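Take a look at the structure set out below.
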Amino acid sequence: MSERAQIALQIAIVVLVLAAAVYGIVTSASAQAPRIATSSVGPDASLIAATLRSPSSSPTSTPSPSPAPTFATLPPSASPGLPPPALRPYSFASPRCFCVGVEIVRGWTAIAPFDGTLERHVYQLINGQIREGTDVAGVPSYPYVIVIAADGRRITFRPGALGTDTQLIADRTPVKAGDDLFKVIGEGPSSWRDFYDKTVSFQIVVSLSAASGADLDPTSLIRFR
C-alpha cells in the first residue's frame, strides 16, 4: 500500500472514531432527559387522546350552567366547623374533560371511594411543557392521585401544589375504600389551572373513566372527611 493510501486510511479511521464518540454523547444525553408528557404519556394522556379522536376541538373551556352546587359525601365523623366541599360540573374542550370541580377549604382529607390500585404522579410545568420526574426550584409540583378499581374504573384527583396546598398521605398500594389519599392544606387552584385552563378556580379537578375510556360522572364518588 502506498504512503498516500495509508495516510488516507488513517484519516478515515480517525473520522469514524470521532463520529462514534459524538453519537454516544448524543444518545446518552437523550436517555437522561426528563420524560415529557405527550399524547401517549403524562397526566392526562387518555383525555388528550380522546380529544385527538374528536372531529373538532378548541383549547377553551365550555361554559356550564351554574345551578346550586352539590356537596361531597361526608362521613358522620366529618370535620366540624368546616364548610362542606362544593362540587360543580366542569367541561373543557382540549384536552376533552367532563369533570367535576371541587371548591374546598383547607382541613379536609380526600378518601378512596373504592378498593383499588393506587397511582401517584408529580408534574411540573417547565417552559410550557408538562414534565414528570423533575424538581426545578421555584416551580410548583402538582400531584395526580389515581385509584383504579378491579373493574377498570379510574378516578383521578388533580389537587393544588405539593407542600403549599396538598399533603400526600397514601403511599402504598392497594388501597381500601375509605383510606385517606391526601389532605388539603391550602386553597390554591388545581394543577388544571396551570396546565390547561387559566380561568379555573377549583382547588381540585376530578374525573372518572370506565375501563373502555368512556367518561363517567364522578360526583357520587368524591368523598372527604
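Results for (1) in a loop (DSSP other than H, G, I, E, B); (2) at pLDDT 95 or above, shown as yes or no for each residue.
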{"position": "PRO67", "(1), (2)": "yes, no"}
{"position": "GLY81", "(1), (2)": "yes, no"}
{"position": "LEU87", "(1), (2)": "no, yes"}
{"position": "SER91", "(1), (2)": "no, no"}
{"position": "LEU118", "(1), (2)": "no, yes"}
{"position": "VAL147", "(1), (2)": "no, yes"}
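Within the stretch 157-164, can one find any residue that is farther than 19 Å from GLY101 by Cα, within 14 Å of the chain's Cα centre (by Cα) and not aliphatic (A, V, I, L, M)? Checking the stretch 157-164: not a single residue is farther than 19 Å from GLY101 by Cα, within 14 Å of the chain's Cα centre (by Cα) and not aliphatic (A, V, I, L, M). Looking across ARG154, ARG158, one residue alone is of a type outside the set (Gly, Ala, Ser) and under 16 Å from ILE104 (Cβ atoms). It is ARG158.
Among residues that are of a type outside the set (Lys, Arg) and surrounded by 18 or more Cβ atoms within 10 Å (Cβ to Cβ), VAL105 is not included.
The values are calculated or read from the model by the stated rules, or taken from the named source; none is laboratory data. What you see is a predicted model, and the numbers here were worked out from it, not measured in a lab. In this analysis, Cβ positions are derived from the backbone assuming ideal geometry, glycine residues included, and neighbour counts consider all displayed protein chains.
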